[in-house]
Amino acid sequence: MTQSAAEIEEDRNFYRWYGAWAPLTPPEVAALMGGLAARWWIVGGWAIDAFTGTPREHEDVDVAFFREDLSKVLAHLEPGLCVWSNLGGTLRPLRKPEDLQDGARQLWVRRDGDSPWVMDLAITPHEGDTWISPRDERVRAPLEDATFVAEDGIRYLCPELVLFMKARFARSKDVGDLEHVLPRLDPAATSRLRDSIALVHPGHAWLARLDRHPQGRGGASARATSPSRKARISAR
């Protein structure tokens, strides 16, 4: 997907200040997280790839877990990896849960200070087994319904929820993901995507695109019709 000149320049500045990324692949993430006594799942662009079956290049890999499992995640990654909390671009070493910056939900992982970043961890709000969107707590679903297990055996966030998360910025690559995924979504998932965007971003440009999408023409693959993909949108 083609980036705009502004997006290319933004990436260049990012790497200049924060350093290089050499992201793990999903199988490498699975190997690293193997044995962790906590639930985790992959979000973002890799989740889109897992749903569509179409691979592409990725700048990073985003792995989510429930907030209550932070201590388990840190213990699992030590001592081989260094974890940093990221709050608005401010990075601090995170050696124990109480060191987490107030309000931080993003963690960056690398082997040491001379090594590239390999994984972006997303601390996810929840109530028990209910996944709550970091974008808006009104968007929520049981974890089993908010995620799906792909053919590689790895759990990913459902594509309509990934697209909802991407709608906030709607960069050129996000628009590309929308166009790539939309023909493969079943009517229920398309409705969930539209409802969540309308709830959180009323008047969003994607709503008109979703309204034009012919219902009932979703993909016929197992990924598109899996019974695990029943994410609900609820308002409190």
Practice prompt. Using θ = phi - 60° and the Karplus relation 6.51 cos²θ - 1.76 cosθ + 1.60, list the HN-Hα couplings for the stretch 94-102 in order, rounded to whole Hz, with x at every Gly or Pro.
Written response: 10, 8, 8, x, 5, 7, 5, 4, 4
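I need the peptides 111-120, 9-18 ranked by packing, meaning the mean over residues of other C-beta atoms within 10 angstrom, with the highest value on top. Write down the numbers at each step before the final one.
Working: 111-120: 14.1, 9-18: 10.7.
Top of the packing list down: 111-120, 9-18.
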Discussion item. Taking R0 as 41 Å, what FRET efficiency do you get between Gln101 and Ala188 from their Cβ-Cβ distance, rounded to the nearest 0.05?
Written reply: 0.60
Discussion item. Multiplying the sequence separation of Ala22 and Leu91 by 0.36 nm and subtracting their Cα-Cα distance, what value in nm do you get?
Written reply: 23.0 nm
Response to the item:
Under a 1.4 Å probe, counting only protein heavy atoms, His126 has an accessible area in Å², nearest 10, of 40 Å²
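Provide the packing ranking of 95-108, 65-78, i.e. peptides ordered by the mean count of other C-beta atoms within 10 Å per residue, highest first. Can you show the working numbers first?
Numbers: 95-108: 14.3, 65-78: 17.2.
Ranking, from highest mean packing down: 65-78, 95-108.
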Item to complete: Please give the per residue accessible area of the chain, computed with a probe of 1.4 Å over protein heavy atoms only, in Å².
Response: 49 Å²
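Return the carbon/sulfur percentage of the accessible area of the chain, one whole number, probe 1.4 Å, all protein chains in place.
On the way: 5890 of 11540 Å².
Ligands and nucleic acids excluded, carbon and sulfur reach 51 percent.
Could you tell me what percent of the DSSP beta bridges with both partners in the chain are antiparallel, to the nearest 5? Show your work: numbers first, answer last.
Numbers: 26 of 33 bridges.
Once the DSSP bridges in the chain are tallied, antiparallel ones form about 80 percent.
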Worksheet item: With each label point set 7 Å from Cα along the Cα-Cβ vector, what nm distance links Arg12 and Val149?
Response: 4.6 nm
Discussion item. Students often check this: by mean Cβ neighbours within 10 Å, which of 39-52, 154-167 ranks highest, and how do the rest follow?
Written reply: 154-167, 39-52
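The values are calculated or read from the model by the stated rules, or taken from the named source; none is laboratory data. All of these numbers come straight from a predicted model, not from anything done at the bench. Methodologically, a virtual Cβ is constructed for each residue, glycine included, from the backbone with ideal geometry; neighbour enumeration extends over all protein chains shown. In case anyone asks, the SASA skips ligands and DNA or RNA and just uses the protein heavy atoms, side chains included. Shrake-Rupley method; radii C 1.70, N 1.55, O 1.52, S 1.80 Å.
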